[in-house]
Amino acid sequence: MTRFVFITGGVASSLGKGLASAALGALLQARGFRVRMRKLDPYLNIDPGTMSPYQHGEVYVTDDGAETDLDLGHYERYTGVACRRSDSVTTGRIYSTVLQRERRGDYLGATVQVIPHVTDMIKEYIQADLDDEDFVLCEIGGTVGDIESLPFLEAIRQLRHELGPERTLFVHLTLVPFIPSAGELKTKPTQHSVKELLNVGIQPNILLCRCDREIPADSRRKIALFCNIREECVIPALDVDTVYATPLTYHAAGFDVQVYRHFGIEVVGEPDLRRWQDIVDRVREPEGEVTIAVVGKYTELKDAYKSLIEALNHGGIANDVRVNFDWVEAEVFEQQNAVERLDGVHGILVPGGFGERGSLGKIQAARFAREHHVPYFGICFGMQMAVVEAARNLLGIEGASSTEFGPCEVPVVGLLTEWVRGNEVERRDASSELGGTMRLGAYEAQLKPGSKVAEIYGTTTISERHRHRFEVNIHHRAELEGAGLVFSGMSPDGILPEIVEYPDHPWFIGVQFHPELRSKPLDPHPLFVSFIAAAVKQSRLV
Ligand code: GLN
């Protein structure tokens, strides 16, 4: 029997609903339950793929090639369950499906309305493509009271009515702020937020109360009384020093126990959370530290690099070191001498990116790393810029560039026009639509036996997630390899360069895919583990 846990948020956004959902997923798994995590987003974009990272943070890509909300990254990192396209749904997608059906004549004769047609479609998505999991955790994006989230709330209210409390549970995350001038914690915003939910017919069963300090028993009692909730179900969600402590702190606060109790599930003894405890211990007491310069374009907004930051931290945890981030705004850095800015860092990472702005700074960063033997990790755009750098400075091709920046003399990086997915060839040209038309999702690559990457992965066949429109031009392979930059990973048909490396450099690897999307605290990605190990070595030299 699949049970549905719906997680809503109130009072303010950015309270960590995604993390709370993911932590609950991990706790349920620790008892052996099978979980599935889903996100319903109220905005009208079909997916976040076309949104600026400033608007929406990172775009998380699934194996099956869906461009999704970054919360799906949390879900995968905590539960290890690979999300699918069906696990991320937006209002835009719901409406476009409803409208397609309307045109097809499916609703012939009916006036198509939000209720029942849109809400029915939401319910259909929530229950679609499941594998008889024990729990589906379904997070509703936005905050209650938003106009856009109303159809979602109505749909989950109806599901509760249809499936009954034995199969549905409402968790609501709120904020309990401390007002310094009054010297008090305030419960009123939580009460109002629950009222908003009650207005649409939803009585939450469990409240998670974000707070920067302990919530005294009398405040909890007050919240329970005014919100119609059992006192044990008012769960304090206090700030934590590391996000990986959340499964432990939520368990200590009784969150999972109340979930079992609601569903009448008997559990004995304690869940095995030793692996999480071990991670937290390592984060809290590292044996050393390294500094990694991340040369990017959205360095002001850390959400744009969510998975990347986590993956570097996972590499740190595996090597027992703390990773300090030195954020370098690529464009600013173009004015400054690379030696001054990057001198002393233990590793340089150039992450994925789009467009010409800042590209020169990234090329400079790759050059600095190559010439000064500093570990360099180029991801997607970071690989492409490393190749442009090699063409310009090792081969002396001044006009080498990427056609992403407009027509150029020697396109060492060019538009990807054709590739194979399964048994089908996918084609694009310069006039293709921008939404969802990149090379997206998991593709295999073959690694060169004896290369550094083959050694790091411990195999010569890998599968990694992609999100790009341009590719390194295979026609320059021989020249570049002659200059020392080896193409050590290729698509199985041998056409698309997937990895480049300098064998005579301590650690210089560029990858066309996004390994950060596959890294998990309990299963860190080998490239990140190896990169941080190289940075540790470098730290002993400088
Ligand atoms: N802009 C480059 C491309 O489309 C790189 C994309 C990326 O870094 N994700 O190929």
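Residue check: is I122 part of a helix (DSSP H, G or I) and more than 23 Å from the chain's Cα centre (by Cα)? Yes.
Scanning segment 454-473 for residues that are within 16 Å of the ligand (Cβ to nearest atom) and open to solvent by 50 Å² or more (accessible area, probe 1.4 Å) turns up just one, R469. The one condition from (1) buried (at least 24 other Cβ atoms within 10 Å of the Cβ); (2) touching a residue at least 40 places away in the same chain (Cβ under 8 Å); (3) within 16 Å of the ligand (Cβ to nearest atom) that C380 does not meet is (1). A search for C-beta distances below 7 Å between a residue of segment 145-156 that is outside any loop (DSSP other than H, G, I, E, B) and any residue that is open to solvent by 50 Å² or more (accessible area, probe 1.4 Å) and not hydroxyl-bearing (S, T, Y), counting only pairs 6+ apart in sequence or on different chains, returns P151/V114; E154/I115. Note on segment 288-313: among residues that are modelled with pLDDT of 95 or more and not in a strand (DSSP E or B), the one that is surrounded by the fewest Cβ atoms within 10 Å (Cβ to Cβ) is I309.
Tallying residues that are open to solvent by 10 Å² or more (accessible area, probe 1.4 Å) and polar (S, T, N, Q) within segment 497-535 yields 1.
Pairs linking a residue in segment 94-123 that is of a type outside the set (A, V, I, L, M, F, W, C) to a residue that is part of a loop (DSSP other than H, G, I, E, B), with Cβ atoms under 7 Å and 6 or more positions apart or on different chains, are S96/I46; R101/Y107; E102/V112; H117/Y107. Taken over segment 65-97, the criterion of being out of contact with any Leu (no Cβ under 9 Å at 6 or more places or on another chain), over 18 Å from D303 (Cβ atoms) and not β-branched (V, I, T) is satisfied by A82, R84, R85, R93, S96. The one condition from (1) among the hydroxyl-bearing types (S, T, Y); (2) within 30 Å of R469 (Cα to Cα); (3) away from the ligand (no atom under 16 Å from the Cβ) that T291 does not meet is (2). The residue list E334, E389, E329 contains one member that is in contact (Cβ under 8 Å) with a residue 12 or more places away in the chain and within 16 Å of the ligand (Cβ to nearest atom), which is E389. The set of residues in segment 337-369 being surrounded by 21 or more Cβ atoms within 10 Å (Cβ to Cβ), more than 10 Å from the ligand (Cβ to nearest atom) and either of a type in the set (D, E, K, R) or part of a helix (DSSP H, G or I) (or both) consists of A338, L342, G361, K362, I363, Q364, A365, A366, F368, A369.
The values are calculated or read from the model by the stated rules, or taken from the named source; none is laboratory data. Just so we're clear, the structure is a prediction, and the values are computed from it rather than from any experiment. Positions of Cβ are backbone-derived with ideal geometry, glycine not excepted, and every protein chain shown enters the neighbour counts. Surface accessibility is based on the protein's heavy atoms, side chains included, excluding ligands, DNA and RNA. Shrake-Rupley method; radii C 1.70, N 1.55, O 1.52, S 1.80 Å.
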